[in-house]
Amino acid sequence: MEDADLIKQAIESTKKARVLGTDKLGYVGAALISDKNNVFTGVSLDCYCGIGFCAEHSAIAEMVKNGETRIRKIVAATFDGTVLPPCGRCRELMFQLNKENLDTGVIVSKDKKAKLRELLPYPWQERIDVSF
Ligand SMILES: [Zn+2]
């Protein structure tokens, strides 16, 4: 799947949430393609009192619900088309989900992609003995 198609799916995932009429729900959408070529999408929830989560989190939860943890490529974009790099928490989530996700292609802008290992260069887990 081309990067532009995955970006379109991320934007499209926000459409139904946007009908609800608040920027708190679905301001950002995410789409990922797994190593089994399945596409999963999600939207952000940004509520008062610090409650909510990023769009990547809900797309990843949808993937895990379907028994997968390995992400081939992922993108997040606002409802109006701005591609966003993942926040630090999302980068860490992808890594903790499956260490092979260090090779995940992360679309960070409309014309640039990076490997997760480039966005998370010094994993703390390599310094101590932990397993996920
Ligand atoms: Zn995030």
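Worth pointing out:
- Of residues in segment 98-132 being touching a Phe, Trp or Tyr at 6+ places or on another chain (Cβ under 8 Å), of a type in the set (A, V, I, L, M) and outside any loop (DSSP other than H, G, I, E, B), the one nearest to the ligand (Cβ to nearest atom): LEU116
- Of the residues making up segment 82-97, those that are in a helix (DSSP H, G or I), within 10 Å of the ligand (Cβ to nearest atom) and not aliphatic (A, V, I, L, M) number 5.
- The single condition from (1) outside any helix (DSSP H, G or I); (2) crowded, with 17+ Cβ neighbours inside 10 Å that GLY21 fails is (2).
- Any hit, segment 65-81, residues being at positive phi, without any contact (Cβ under 8 Å) to a residue 24 or more places away in the chain, of a type in the set (Gly, Ala, Ser) and within 15 Å of the ligand (Cβ to nearest atom): no
- Within the span defined as segment 37-48, every residue fails to be in contact with a helix residue (DSSP H, G or I) (Cβ under 7 Å, 6 or more places away or on another chain) and either at pLDDT below 95 or surrounded by fewer than 16 Cβ atoms within 10 Å (Cβ to Cβ) (or both).
The values are calculated or read from the model by the stated rules, or taken from the named source; none is laboratory data. Everything quoted here is computed from the prediction, not taken from an experiment. Glycine gets a Cβ as well: all are built from the backbone with ideal geometry, and neighbour counts include every protein chain shown.
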